[in-house]
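This report concerns only the one structure given below.
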Amino acid sequence: MGSADRVAAIEARGVGMVYNRKRTSLVALEAIDLTVKKEEFVSLLGPSGCGKTTLLKLISGLLPPSAGAIMVEGAPVLGPQRKIGIVFQTPALMKWRSVEKNVMLPAEVLGLERKKSRQRAQELIDLVGLTGFERKYPHELSGGMQQRVGIARALIHDPSILLLDEPFGALDLMTRSQLNLELLRIWSERRQTSLLITHSIPEAVFLSDRVVVLSARPGRVLDILEVSLPRPRTPEMRVGRKFVELVDQVSRRIGLEYA
Amino acid sequence: MRISSEEKGGRAFEGPQREPVIALFLRSPAVIRLLKLVLTLFLFALLWEAACRAFQVPSYLLPAPSRIFAALFGPVSFLGDGLITLYETLLGFAAALVVGVLAASAVVVFPAIADIVMPLLLMAQLVPKVAIAPIMMIWLGYGLLPKIALAFLVSFFPIVINTASGLSSLEKELLDLAHSLEASRWQLFWKFRVPSALPLLFDGMKISITLAVIGAVISEFVGGSQGLGFLILMANQQLNTALAFASLLLMSLGGIVLYALVELAERILIPWNLSEERWVKAGGL
Ligand SMILES: Nc1ncnc2c1ncn2[C@@H]1O[C@H](COP(=O)(O)OP(=O)(O)O)[C@@H](O)[C@H]1O
Ligand SMILES: [Mg+2]
């Protein structure tokens with residue numbers, strides 16, 4: 001392994017965030033220390049309002065932290081960066097654009113070469129299983145399909161880091177577990193470092209190398225659990241004893257905290 | 001290969017029989033809606049006619065529909081006056097569209113000027129337009145210009161308000177996406193804000209076009225020698241109420257057609273806005 005491989009993909013040191021409103025100020029995050037290695041898949045679990053989305057915005061450079069520092073691939077975060085792709089909680093598609101055009105949007109904004117990005121868009125549409133839906137408009141798609149478009153869009157400019165903010169929260173259980181498998185397949189094909197926010201403990205365990213548990217607001221890192229399931233992960237693992245034990249372990253950790 | 005082509009052929013044969021176009025047309029929600037409307041109006045006219053005859057209402061008080069109809073095809077030609085009013089309406093509306101969209105864009109792109117522009121717009125909106133009409137005559141003469149100006153003044157407010165709120169109502173996540181891609185101010189405006197504002201702009205245009213008709217007619221009332229508004233004025237002076245009603249009928253018919261044209265443009269230009277909700281609305285009438 002070269003020294004470049006040892007640089008963490010995401011590194012947060014003593015990160016705090018305070019939102020200042022007219023008269024009140026709200027501490028959203030406090031003293032967050034977190035390291036995500038390259039090509040690692042990490043999930044973030046925590047109660048609503050504990051600052052998960054805020055942490056994602058800090059990492060993606062959409063907001064500056066009030067305290068501490070964040071490094072992405074060895075460089076301090078000073079603003080938005082191309083290395084990062086974001087999948088939002090809502091699909092956030094442009095309803096006036098077809099699937100293909102939605103996927104190509106970031107490439108257009110970044111001024112990437114049109115022919116190449118069109119080809120990449122097609123590859124990604126195939127990758128997320130939407131072949132044949134290129135010319136459809138968002139209102140013609142189901143919620144799960146819309147979120148697939150969101151994932152393809154986040155990957156169009158070939159980011160090395162993917163941030164996902166509860167992307168499957170609004171989906172039914174069947175669609176959700178299907179998309180879990182798809183995400184797993186995409187990750188194993190492309191190996192982009194992934195940080196996933198989720199409310200689902202099984203989802204976090206099934207997908208991740210490590211699960212980070214945050215406290216209620218102000219968000220602090222309570223615990224980091226290694227997921228010792230082997231790769232590649234298979235659907236059968238979700239009913240295996242090891243998996244159930246791990247889910248149990250995380251639930252217990254969370255249950256004790258919020259009891 | 002062979003199997004898949006057979007499959008294709010099979011599916012084509014099993015497809016449902018195509019219905020005659022006319023049957024599809026008659027069952028489309030829009031046509032059903034139109035038929036319902038026409039039927040309702042027809043029944044209303046019948047009742048009206050019956051009441052006028054039964055109670056022998058004098059025509060100068062309330063003309064029966066048959067008389068209004070007669071006036072419509074009588075000695076007075078509506079064509080010239082109708083075209084004049086249409087011309088004033090369309091030019092006023094076009095000006096309102098251009099000025100309204102530009103003003104709204106300026107306010108959204110440079111929020112600093114909103115504090116100056118919005119109160120002025122509101123003041124302009126609050127002034128009673130009937131009171132302005134004579135002043136327009138003094139400033140712009142007795143030709144078509146003051147009529148166009150009034151149609152513009154009456155109709156541009158809904159365009160400004162709707163466009164401004166459309167331009168600033170971009171989904172939060174899309175705004176985050178734009179920022180995360182470091183979109184320029186220009187890109188944010190054209191690629192994100194403008195398209196997302198179109199549905200509201202069209203809603204504004206629908207209100208605006210009907211107001212433009214009213215503006216043009218008010219202006220013809222106040223001073224002028226042609227147009228449907230002038231015709232109504234003349235008819236009233238001669239106690240020719242049937243003629244006045246005929247002009248009114250023509251005016252509202254024209255308004256409906258203009259409204260429908262804006263709606264048609266909306267369907268053609270932003271088909272993606274035909275969300276499920278709208279279909280339900282259309283079908284649920
Ligand atoms: N722009 C903002 N201004 C003020 N407070 C905010 C803002 N964004 C989030 N908050 C507050 O910060 C806290 C954490 O929010 P968020 O990061 O969205 O939590 P989560 O994603 O974990 O549900 C919440 O209490 C929320 O109300
Ligand atoms: Mg959140």
Inset, instruction - Quick one: go through region A:95-110 and flag any residue whose amide nitrogen is under 15 Å from the point 7 Å out along the Cα-to-Cβ line of B:Ser184. - result: A:108-110
Legend entry - chain A - mean residue ellipticity at 222 nm from DSSP helices (-39,500 (n - 2.57) per run, n ≥ 4, rounded to 500): -11000 deg cm²/dmol
Inset, instruction - Please work out the FRET efficiency for the pair B:Ile268 and A:Thr24, using the Cβ-Cβ distance as r and a Förster radius of 35 Å; give the result to the nearest 0.05. - result: 0.10
Inset, instruction - Evaluate the distance, in nm, between pseudo-label points positioned 7 Å from the Cα of A:Arg241 and of B:Leu249 along their respective Cα→Cβ axes. - result: 8.9
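What's the ranking of A:10-18, B:205-213 by average number of surrounding C-beta atoms within 10 Å, highest first?
So the peptides A:10-18, B:205-213, ranked by packing, come out B:205-213, A:10-18.
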Legend entry - Accessible solvent surface per residue of region A:136-259, calculated while the other protein chains remain in place, 1.4 angstrom probe, Å²: 44
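Taking 8 Å as the Cα distance limit and 6 or more residues as the minimum spacing, I'd like the relative contact order of region A:1-117 as a percentage.
Averaging sequence separation for qualifying contacts and normalising by length gives 24 percent for region A:1-117.
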Inset, instruction - Taking 7 Å along the Cα-to-C-beta vector as the label spot, tell me the A:Thr234-B:Ser225 distance in nanometres, rounded to one decimal. - result: 9.5
Inset, instruction - Determine the shielding of peptide A:104-117 by partner chains: average, over its residues, the number of Cβ atoms on other chains within 10 angstrom of each Cβ. - result: 2
Inset, instruction - With 10 Å bins from zero, work out the P(r) of region A:1-103 over every alpha carbon pair and list the percent per bin. - result: 13, 39, 31, 15, 2, 0
Legend entry - Mean projected area in nm² (Cα convex hull; one quarter of hull surface) for the protein assembly as shown: 37.9
Legend entry - For region B:83-204, accessible area per residue (1.4 Å probe, heavy atoms of protein chains only), Å²: 48
Inset, instruction - Could you look at chain A and say what percent of its accessible area is carbon and sulfur, using a 1.4 Å probe and all protein chains? - result: 53
Inset, instruction - Leaving out ligands, DNA and RNA, calculate the buried accessible area for the pair B and A with a 1.4 Å probe, summed over both sides, in Å² to the nearest 100. - result: 1900
Inset, instruction - Partner chain Cβ atoms within 10 Å, averaged over the residues of A:60-73 - can you pull that number for me? - result: 1
Legend entry - Whole-Hz ³J(HN,Hα) from phi, Karplus 6.51 cos²θ - 1.76 cosθ + 1.60, for region A:69-75, glycine and proline x: 9, 10, 10, 10, 6, x, 10
Inset, instruction - Would you mind giving the mean number of other chain beta-carbons within 10 Å of the Cβ of each residue in B:189-195, as a whole number? - result: 2
Legend entry - Value at 222 nm in deg cm²/dmol, rounded to 500, when DSSP H runs of n ≥ 4 in chain B each add -39,500 (n - 2.57): -25500 deg cm²/dmol
Legend entry - Cα Rg, Dmax, chain B, angstrom units: 25.0, 83
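Among A:203-209, B:73-79, how do they line up from the highest to the lowest mean number of other beta-carbon atoms within 10 Å?
Details: A:203-209: 23.3, B:73-79: 11.7.
Packing order, densest peptide first, comes out as A:203-209, B:73-79.
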Inset, instruction - Provide, as a two-decimal number, the C-alpha radius of gyration of region A:46-93 over 2.2 N^0.38 Å, N being how many residues it has. - result: 1.22
Inset, instruction - Please work out, to two decimal places, the log10 of the ratio I(q)/I(0) at q = 0.17, 0.24, 0.25 Å⁻¹ from a Debye calculation in which every Cα of region B:64-169 carries one identical scatterer. - result: -0.86, -1.20, -1.25
Inset, instruction - Heavy atoms only, probe 1.4 Å: what % of the accessible area of region B:88-214 goes to carbon and sulfur, would you let me know? - result: 78
Legend entry - Out-of-range pairs (alpha-carbon distance over 18 Å; input A:Lys101/B:Lys191; A:Lys95/B:Lys191; A:Lys38/B:Lys172): A:Lys38/B:Lys172
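The values are calculated or read from the model by the stated rules, or taken from the named source; none is laboratory data. All figures in this text were calculated on a predicted structure; none of them were measured in a lab. With ideal geometry, Cβ positions are generated from the backbone for all residues, glycine too; neighbour counts draw on all protein chains shown. Calculation scope for accessible area: heavy atoms of the full protein, side chains included, ligands and nucleic acids excluded. Shrake-Rupley method; radii C 1.70, N 1.55, O 1.52, S 1.80 Å.
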